[in-house]
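Notes follow once the structure below has been shown.
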Amino acid sequence: MLSQLNSSPAELKRIAQKIRINLMTMIAGKGKGHSAPALSMADIVAALYFGVLKLDPENPAHPERDRFFLSKGHACTALYAALAERGFFPQETLRQYYAFDSQLGGHPVKGLPGVELATGSLGHGLPIAAGSAYAGKMDAKPYRVFTLLGDGELNEGSVWEAALGAAQFKLDNLVAVIDRNFLSSDGPTEEMMALEPLADKWRSFGWAVEEVDGHDPGAMVELMSGVPFSPGRPSVVIARTVKGKGVDFMENQRWWHNQAPAPGSEQAAECFRQLECRLEELSKQS
């Protein structure tokens, strides 16, 4: 049966922290993965999976489920951790990350329960999500389509082609979420290819725009519970985040975009110390 969870703001913060711990367990356990971009989106996926999306973990292919496409597929460990936490598969499955013949690859693999599409080639998520939303309109289905993009990914022309098309076809069942951490793999976004004024750019393409603290999952649930922001227009949420959020030596550091602590290293131990201390603090606050 489809369900939309109603987690409290405090619970959402704890879930996001569990997602951070589990994603770093995968990454540090194998010494492979994109640490910083996964950490930055943990609160976003916590908000989506535990307060926004209508899903059925027992029937992942339910025809009326909300769809979620992770366009920034290189940060898939956060998605894997969220899916396990939501009950799409057992937590033990996370141990298969990067194992031979595993469905938990370095980018999402279709076939893993809850994963809609193999993604990671940047600029593909929004076009595919727009197509799915258009199909939903044609078939008069009630589902909504969400996609999460990195801000560096907005350099791809296909993103803006899809943005034009989504507005043209009045896809108000489509929601794009931008992980706005201001730091791409090559450097600060505003030095590589300036995006600001980003909200105005999306408005000029015909989208309804809202901005939010991307590390406040309660605020994101409240905001996205009101989509579409404007009837007849696609919605975009610009979620302001910190790359590497939760691990101080990774925060706002470009080098950690596609790097992982070595298994058993002092860096890995410090990473878990910080993340687990924060979870303990959040648990005491409840």
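The values are calculated or read from the model by the stated rules, or taken from the named source; none is laboratory data. Only a predicted model underlies this, so the values are computations on that prediction, with no experimental measurement involved. Neighbour counts are summed over all protein chains in view; Cβ atoms, including those assigned to glycine, are modelled from backbone coordinates with ideal geometry. Surface accessibility is based on the protein's heavy atoms, side chains included, excluding ligands, DNA and RNA. Shrake-Rupley method; radii C 1.70, N 1.55, O 1.52, S 1.80 Å.
So which residues in segment 99-157 are among the hydroxyl-bearing types (Ser, Thr, Tyr), more than 20 Å from Asp56 (Cα to Cα) and touching a Phe, Trp or Tyr at 6+ places or on another chain (Cβ under 8 Å)?
Thr119, Tyr134
Taking Ala99, is it in a helix (DSSP H, G or I) and either under 21 Å from Leu149 (Cα atoms) or hydrophobic (A, V, I, L, M, F, W, C) (or both)?
Taking the combined requirement at face value, the residue does not satisfy it.
Going through Ala84, Ala38, Ala78, Ala61 one at a time, which residue ends up being over 13 Å from the mean Cα position of the chain (by Cα), among the small types (Gly, Ala, Ser) and open to solvent by less than 20 Å² (accessible area, probe 1.4 Å)?
Being over 13 Å from the mean Cα position of the chain (by Cα), among the small types (Gly, Ala, Ser) and open to solvent by less than 20 Å² (accessible area, probe 1.4 Å) holds for just one of Ala84, Ala38, Ala78, Ala61, which is Ala84.
Here's a check for you: in segment 133-146, which residue that is more than 16 Å from Val236 (Cβ to Cβ) and in a helix (DSSP H, G or I) is farthest from the chain's Cα centre (by Cα)?
Among residues in segment 133-146 that are more than 16 Å from Val236 (Cβ to Cβ) and in a helix (DSSP H, G or I), the one farthest from the chain's Cα centre (by Cα) is Met138.
Tell me, yes or no, whether segment 107-125 has at least one residue that is farther than 21 Å from Met26 by Cβ and open to solvent by less than 40 Å² (accessible area, probe 1.4 Å).
Applying the first criterion (farther than 21 Å from Met26 by Cβ) to segment 107-125 yields 121-125.
Narrowing the set further to residues that are open to solvent by less than 40 Å² (accessible area, probe 1.4 Å) leaves 123, 125.
Checking segment 107-125: at least one residue is farther than 21 Å from Met26 by Cβ and open to solvent by less than 40 Å² (accessible area, probe 1.4 Å).
Within segment 213-227, can one find any residue that is part of a helix (DSSP H, G or I) and within 23 Å of Ser35 (Cβ to Cβ)?
Checked against the condition, which is being part of a helix (DSSP H, G or I) and within 23 Å of Ser35 (Cβ to Cβ), segment 213-227 yields at least one hit.
Could you tell me whether segment 143-165 includes any residue that is open to solvent by 60 Å² or more (accessible area, probe 1.4 Å), more than 27 Å from Phe50 (Cβ to Cβ) and in contact with a Gly (Cβ under 8 Å, 6 or more places away or on another chain)?
Yes, because at least one residue in segment 143-165 is open to solvent by 60 Å² or more (accessible area, probe 1.4 Å), more than 27 Å from Phe50 (Cβ to Cβ) and in contact with a Gly (Cβ under 8 Å, 6 or more places away or on another chain).
Being in a helix (DSSP H, G or I) and open to solvent by less than 60 Å² (accessible area, probe 1.4 Å) is the filter; apply it to segment 244-266 and report the residue that is farthest from Ala167 (Cα to Cα). Even if it seems obvious, please write down each step before you answer.
Going residue by residue through segment 244-266, those that are in a helix (DSSP H, G or I) are 254-258, 266.
With the extra rule that they be open to solvent by less than 60 Å² (accessible area, probe 1.4 Å), the set shrinks to 256-257.
Values: Trp256: 35, His257: 32 Å.
The selected residue is Trp256.
Which of the residues that make up segment 231-243 are out of contact with any Gly (no Cβ under 8 Å at 6 or more places or on another chain) and open to solvent by 30 Å² or more (accessible area, probe 1.4 Å)?
Scanning segment 231-243 gives Pro231, Val242.
From Arg203, Arg273, Arg278, Arg233, grab the single residue that is modelled with pLDDT of 95 or more, of a type in the set (Lys, Arg) and assigned to a loop (DSSP other than H, G, I, E, B).
Arg233
Scan segment 140-152 and tell me whether some residue there is without any contact (Cβ under 8 Å) to a residue 24 or more places away in the chain and out of contact with any Cys (no Cβ under 7 Å at 6 or more places or on another chain).
yes
Of all the residues that make up segment 178-194, how many are under 14 Å from Ala239 (Cα atoms), touching a Ser or Thr at 6+ places or on another chain (Cβ under 7 Å) and among the hydrophobic types (A, V, I, L, M, F, W, C)? Can you show your working first?
Going residue by residue through segment 178-194, those that are under 14 Å from Ala239 (Cα atoms) are 178-183.
With the extra rule that they be touching a Ser or Thr at 6+ places or on another chain (Cβ under 7 Å), the set shrinks to 179-183.
Filter once more, keeping what is among the hydrophobic types (A, V, I, L, M, F, W, C): 182-183.
The number of residues fulfilling the criteria is 2.
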